[in-house]
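Everything on this sheet refers to the single structure shown next.
Throughout, read-outs are computed from the coordinates displayed, never taken from laboratory work. Since we're looking at a predicted model, the values are computed, not measured. With ideal geometry, Cβ positions are generated from the backbone for all residues, glycine too; neighbour counts draw on all protein chains shown.
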Amino acid sequence: MSRLILVRHGVPVVETDVPSPQWRLSDAGRHAVQALTHQGDWPMVSRIFHSRESKARDTAYELARSLNAPVTEFAALGEIAFIEPKFYDPEPFDQLVEDFLVRGIQGPFAESYEEAERRIVDAVVDISRDTDSGIPIAVSHGRIFSVLWSYLIGQRLSLLEWKEIPMPGLAVIDPQERQILVPWTGTH
């Protein structure tokens, strides 16, 4: 059995005049990631992989500080990006996300649902092979993890299910067997 720990990044500081890939973890987000590492018994971690986005990188380094594991940037873990990065108000943003996740409407996103699915599935299978000295961790984002989760369960997640993925959140999967071993959980 291969295992991979998925971690959704912590809560960022939202700056409407800054593209979201550049948003950093908030103090509350940083504390929540630290709290996540104190929950339960963590296995030996081989490496922590993260997307290029600042909030994912910050989350990975917070995890690394507590789990004593090396950190590696892995571009394929990136969020489903907008063609033109800009700030969206919550209501239109939710509609765009729902159209993409539920109906597969590409809209203003830079890749199709199918392209995103191929990218994240290939990424987690590649990362899950890094097991020489423990279990790898993949730090990424809600929309791309929703596409992965949909692939694992064989049906698309709803907008509500996407919103319910904790920030930060943790899950454990077996990507090669396409199984969820531990469902999403956040800090208590």
Quick test for you: out of 19, 43, pick the one residue that is in contact with a Pro (Cβ under 6 Å, 6 or more places away or on another chain), in contact (Cβ under 8 Å) with a residue 24 or more places away in the chain and more than 14 Å from residue 77 (Cα to Cα). 19
On the given criteria, is residue 124 within 16 Å of the chain's Cα centre (by Cα), assigned to a helix (DSSP H, G or I), more than 25 Å from residue 48 (Cα to Cα) and not charged (D, E, K, R)? no
How many residues does the stretch 22-40 hold that are surrounded by 15 or more Cβ atoms within 10 Å (Cβ to Cβ), assigned to a helix (DSSP H, G or I) and free of Cβ contacts under 8 Å to residues at least 24 places away in the same chain? 1
Regarding residue 66, is this residue out of contact with any Phe, Trp or Tyr (no Cβ under 7 Å at 6 or more places or on another chain) and not in a helix (DSSP H, G or I)? no
Being touching a residue at least 60 places away in the same chain (Cβ under 8 Å), buried (at least 17 other Cβ atoms within 10 Å of the Cβ) and out of contact with any Asp or Glu (no Cβ under 6 Å at 6 or more places or on another chain) narrows it down to one residue among 87, 109, 145, 100; which is it? 145
Can you pull out the residues in the stretch 171-183 that are assigned to a strand (DSSP E or B) and out of contact with any Lys or Arg (no Cβ under 8 Å at 6 or more places or on another chain)? 171, 179, 180, 182, 183
Which residues, taken from the stretch 147-170, are assigned to a helix (DSSP H, G or I), touching a strand residue (DSSP E or B) at 6+ places or on another chain (Cβ under 9 Å) and more than 21 Å from residue 57 (Cα to Cα)? 149, 152, 153
